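Worksheet: the structure to be examined is printed underneath.
Throughout, read-outs are computed from the coordinates displayed, never taken from laboratory work. Not measured: the values here are computed from a predicted model. Ideal geometry is used to build each Cβ from the backbone, glycine not excepted, and the neighbour counts take in all protein chains shown.
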Ligand SMILES: C[S@@+](CC[C@H](N)C(=O)[O-])C[C@H]1O[C@@H](n2cnc3c(N)ncnc32)[C@H](O)[C@@H]1O
């Protein structure tokens with residue numbers, strides 16, 4: 001799991017302290033890479049659209065959950081345009097406060113703003129068509145991630161999907177002392193999803209990101 005995640009208390013409190021100092025902007029959410037937001041959102045839209053729509057086996061569009069939502073970058077441009085209601089969960093209260101204005105008029109379709117760590121969050125059973133988890137799993141220990149994913153599975157509606165979109169390392173676990181997170185390789189991520197009792201329905205690599213950043217993969221699970 002990586003040494004920095006071994007002292008659980010400081011792993012979480014250091015991350016909370018880090019995010020409290022980050023400006024509530026798109027650039028802040030993306031560690032200075034605000035310019036990749038559109039490529040990211042367009043890639044996500046194409047990914048999601050494979051599963052949405054009318055008919056047998058399709059994922060519904062009534063309610064989505066944005067996990068580690070921050071100011072609602074993804075909620076604004078991906079989830080609110082596709083789902084009737086979106087809930088946001090994040091550990092940083094200041095980001096959720098900002099979301100209320102950042103999301104503008106459409107914020108009236110936000111169901112709940114929930115300020116809590118995902119490690120202790122239990123989403124409402126059977127509520128969500130999509131649970132979107134982007135650029136936040138590195139803040140959870142292996143055990144907490146597995147347990148969180150199990151709770152997410154219970155929170156899905158029929159044909160619902162959990163989507164994880166995140167950085168992956170080439171090999172093993174790479175710690176980031178600055179924001180107190182870890183980056184896992186794809187094999188580890190698969191194994192944790194598997195331990196949570198989830199099946200990988202689809203997987204893609206996000207293309208057209210800058211060469212110097214981690215590869216980003218998107219996984220649909222249920
Ligand atoms: C890199 S930002 C990504 C924000 C958003 N997912 C996006 O892509 O625009 C990471 C977010 O995770 C939140 N976060 C960090 N640790 C968390 C935890 N344990 N539980 C919930 N949210 C957490 C931070 O407050 C921050 O908003």
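Here are the numbers:
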{"quantity": "Residues residue 20 and residue 199, FRET efficiency given R0 of 30 Å [Cβ-Cβ distance, rounded to 0.05]", "calculated": "0.25"}
{"quantity": "GNM top mover of 125, 67, 183 - the chain, alpha-carbon springs below 10 Å", "calculated": "125"}
{"quantity": "Spin-label pair residue 151/residue 41, simplified geometry with 7 Å Cα→Cβ offset, distance in nm", "calculated": "2.9"}
{"quantity": "Between region 56-72 and region 183-218, the Cα center-to-center distance that results, in Å", "calculated": "19"}
{"quantity": "Cα convex hull volume per residue for region 1-82 (Å³)", "calculated": "142"}
{"quantity": "Backbone N within region 132-148 under 17 Å of label point (7 Å from residue 6 Cα along the Cβ vector)", "calculated": "141-143"}
{"quantity": "Percent RCO, i.e. relative contact order, over the chain, from Cα pairs under 8 Å lying at least 6 residues apart", "calculated": "20"}
{"quantity": "Fluctuation leader among 21, 212, 94 - the chain, Gaussian network, Cα springs under 10 angstrom", "calculated": "212"}
{"quantity": "Virtual spin-label span in nm between residue 33 and residue 13, 7 Å along Cα→Cβ", "calculated": "3.1"}
{"quantity": "Mean Cβ count within 10 Å, highest first, over the residues of peptides 157-169, 46-58", "calculated": "157-169, 46-58"}
{"quantity": "Over region 90-172, relative contact order from alpha-carbon pairs under 8 Å, at least 6 apart, %", "calculated": "32"}
{"quantity": "log10 of Debye I(q)/I(0), alpha-carbon scatterers only, for region 157-222 at 0.20 Å⁻¹", "calculated": "-0.86"}
{"quantity": "Normalised per residue, the volume of the convex hull around the Cα set of the chain (Å³)", "calculated": "109"}
{"quantity": "Most fluctuating residue given options 61, 25, 101, as computed from a GNM of the chain linking Cα atoms under 10 Å", "calculated": "101"}
{"quantity": "Size descriptor, Kirkwood hydrodynamic radius, that averages inverse alpha-carbon separations across region 51-133, Å", "calculated": "12.8"}
